[in-house]
1. Can you find, among B:Leu56, B:Val11, B:Tyr89, the residue sitting farthest towards the positive end of the charge dipole of chain B, where Lys and Arg contribute +1 and Asp and Glu -1 at Cβ?
2. Above 25 angstrom, tally the Cα pairs of chain A and express them as a % of all pairs, no decimals.
3. Scan around B:Thr86 for amide H atoms under 5 Å from its own, H built in the peptide plane at 1.01 Å from N, and keep only partners 5 or more places away or cross-chain.
4. Quick query: amide H of A:Gly42 versus all other amide H atoms, modeled in the peptide plane; which residues come in under 5 Å with a sequence gap of 5 or more or a different chain?
5. Mean projection of the alpha-carbon convex hull of region B:48-114 over all orientations, in nm²?
6. With r defined as the distance between the Cβ atoms of B:Gln82 and A:Thr76 and R0 fixed at 35 Å, what FRET efficiency is calculated, to the nearest 0.05?
7. Quick one: work out the % antiparallel among DSSP beta bridges in chain B, nearest 5.
8. Tell me whether region B:24-67 comes out rounded, prolate or oblate; compute the Cα gyration tensor, take square roots of the eigenvalues as a ≥ b ≥ c, and use a/c under 1.5 as the rounded threshold.
Amino acid sequence: DTGVSQDPRHKITKRGQNVTFRCDPISEHNRLYWYRQTLGQGPEFLTYFQNEAQLEKSRLLSDRFSAERPKGSFSTLEIQRTEQGDSAMYLCASSGTGNNYGYTFGSGTRLTVV
Amino acid sequence: AQSVSQHNHHVILSEAASLELGCNYSYGGTVNLFWYVQYPGQHLQLLLKYFSGDPLVKGIKGFEAEFIKSKFSFNLRKPSVQWSDTAEYFCAVIFNTNAGKSTFGDGTTLTVKP
């Protein structure tokens, strides 16, 4: 297993367009998390899944954001009608549970909305 | 509100100096605590974690952290830093150990001068 993979690494889009990011977690991890990070800030929680169930979604996440994890494997994060304020690094992490808890992060997808 | 504070935004040290990075949280209940590190050009990775038991935990690369419950703190230490420790360090907390997500501080950038 090569770790957590995110695709694409970079995305430039025009304001108003929709974008979708993909995350492939470590196969034996049943928890998957999405975070957003802007310059000078720590990662900000967006949502997380345990297997295919979306267990929590940040109140900061507008209705333009949606995430899925079909069959409890990879996950997608979609942003509809992008705005300039959506420009950020979008991070995916996966984790086991119990004593195996601890995030393994992907390299992130850097989104630039122009 | 539950929060994580890292008061040192940027620390500059010479090689062989001792390091202590502060992390404080605001929450009266049980917590799980983590330090993550991001080396230049790399993704975030877990440095060490505390769940229970001995409040002094040891991580990779000679780092350790001490949980002081009465001070709501989980400071990161290393007795002698190396140039290769130059990185950004993030403290993270799970505020309700039944919850899945971690809340991150805004990070401390450590620069070690050779």
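1. It is B:Leu56.
2. Summing the P(r) of chain A above 25 Å gives 16 percent of all pairs.
3. Amide H neighbours of B:Thr86, under 5 Å, 5+ apart: B:Val112.
4. Answer set, sorted by chain and number: B:Asp106.
5. The orientation-averaged projected area of the Cα hull of region B:48-114 comes to 5.3 nm².
6. Plugging the Cβ-Cβ distance into 1/(1 + (r/R0)^6) gives 0.30.
7. Of those bridges, close to 85 percent are antiparallel.
8. Oblate shape, in that a/c is at least 1.5 and b/c is the bigger or equal ratio.
The values are calculated or read from the model by the stated rules, or taken from the named source; none is laboratory data. These numbers come from a predicted model, not from an experiment. Heads up, the Cβs are rebuilt from the backbone with ideal geometry, glycines too, and the neighbour counts pull from every protein chain shown. Heads up: the accessible areas ignore ligands, DNA and RNA and are worked out on the full protein's heavy atoms, side chains in. Shrake-Rupley method; radii C 1.70, N 1.55, O 1.52, S 1.80 Å.
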